[in-house]
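The structure under discussion appears below in the form of structure tokens.
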Amino acid sequence: MFNINSVFQGQIEKSLETITKNGQHLIVSAPPGIGLTYKVKEFFQKHPEYKTAWVLSGISLFSLYSKIWECQNSETQFLIVDEPDFNDKGIRSLLKTLLDPITAFCQWSNPDIAARYNIPSSFEFKKQVIILTNCSFNTISPKKTMMYNDMVALRDRARYIESEPIVDEKEELLSKAYKTIFLSNEGKFVLNDLERIINQTKLDAENINPNTAVWKCAQQALVQRIKNQIK
């Protein structure tokens, strides 16, 4: 079970205080179940002078578009999008539009559908956006080209903060990884292969590259550390 540590709590509060003054958008990434939504709600409860509109997870693309229009035509200053579906290309595209640093001009491709709900097929959005997510923008694989490019664009258009596991949590995660991988028979074969590959890298004592030497020592230390875990 993760909990927001005090350092990250401070980062969230400082970032919220900053964007309320400078007009920036904000993206906060953290593991699920740590109380991120609660922390943001708590901040705005302490600052009733700021009006917010919330968009909850699981919302469809058109419902999001509708909510954006509703927010634009109210006294709301902040649209808070809680756990959007980044696998949905349309949602990624719409969020990129909202965070556009020049003009956030929203458009719906089918004017008839928009008109049916008394929503214009295009309008300019002039409010601030806060996105809360458990998706780490820093770990999206570049191989997923379209999604990667969209996520980078989103991150670059806003103030972005991401939590890291505290030290105790990191140790626990490492311990579980060792037990899962290297205590199995297959894991021992992997370790042998790793050691063999590392030992194939020979150093020339007369013409040594300091960077290579440091890297090799680090590799050997890693193998020894893993061996100690297996014993």
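The values are calculated or read from the model by the stated rules, or taken from the named source; none is laboratory data. Keep in mind the model is a prediction, meaning the values are calculated, not measured. Please note: Cβ atoms are built from the backbone with ideal geometry, for glycine as well, and neighbour counts cover all protein chains shown.
Here are a few things to note about the model shown:
- Under the condition of being part of a loop (DSSP other than H, G, I, E, B) and either in contact with a helix residue (DSSP H, G or I) (Cβ under 8 Å, 6 or more places away or on another chain) or modelled with pLDDT of 95 or more (or both), the residues counted in segment 108-117 number 2.
- Cβ separations smaller than 8 Å between residues 6+ apart or across chains give the following pairs from segment 73-100 residues that are among the polar types (S, T, N, Q) to residues that are in a loop (DSSP other than H, G, I, E, B): 74/51; 76/51; 76/127; 77/50; 77/51; 77/127; 97/104; 97/125.
- All of 12, 4 fail the test of being of a type in the set (Val, Ile, Thr), within 17 Å of the chain's Cα centre (by Cα), in a helix (DSSP H, G or I) and modelled with pLDDT under 95, apart from 12.
- Filter result for residue 76 (surrounded by 16 or more Cβ atoms within 10 Å (Cβ to Cβ), polar (S, T, N, Q) and assigned to a loop (DSSP other than H, G, I, E, B)): yes
- Selection from segment 94-103 of residues that are at pLDDT below 95 and surrounded by 13 or more Cβ atoms within 10 Å (Cβ to Cβ): 100
- Here the condition is being within 23 Å of residue 147 (Cα to Cα), in contact with a Phe, Trp or Tyr (Cβ under 8 Å, 6 or more places away or on another chain) and polar (S, T, N, Q); of 66, 29, 57, it holds for 29 alone.
- Verdict on residue 38 being of a type outside the set (D, E, K, R), over 21 Å from residue 161 (Cα atoms) and either free of Cβ contacts under 8 Å to residues at least 60 places away in the same chain or not in a loop (DSSP other than H, G, I, E, B) (or both): no
- Selected residue (only one of 134, 110 is within 21 Å of residue 56 (Cα to Cα) and surrounded by 10 or more Cβ atoms within 10 Å (Cβ to Cβ)): 134
- With respect to the stated conditions, residue 96 fails to be farther than 22 Å from residue 126 by Cβ and out of contact with any Ser or Thr (no Cβ under 9 Å at 6 or more places or on another chain).
- Of the criteria (1) part of a loop (DSSP other than H, G, I, E, B); (2) in contact with a helix residue (DSSP H, G or I) (Cβ under 6 Å, 6 or more places away or on another chain), which one residue 103 fails: (2)
- Flag for residue 65 being in contact with a strand residue (DSSP E or B) (Cβ under 9 Å, 6 or more places away or on another chain), at negative phi and surrounded by 16 or more Cβ atoms within 10 Å (Cβ to Cβ): yes
- With respect to being touching a Leu at 6+ places or on another chain (Cβ under 7 Å), under 20 Å from residue 135 (Cα atoms) and aliphatic (A, V, I, L, M), residue 56 falls outside the description.
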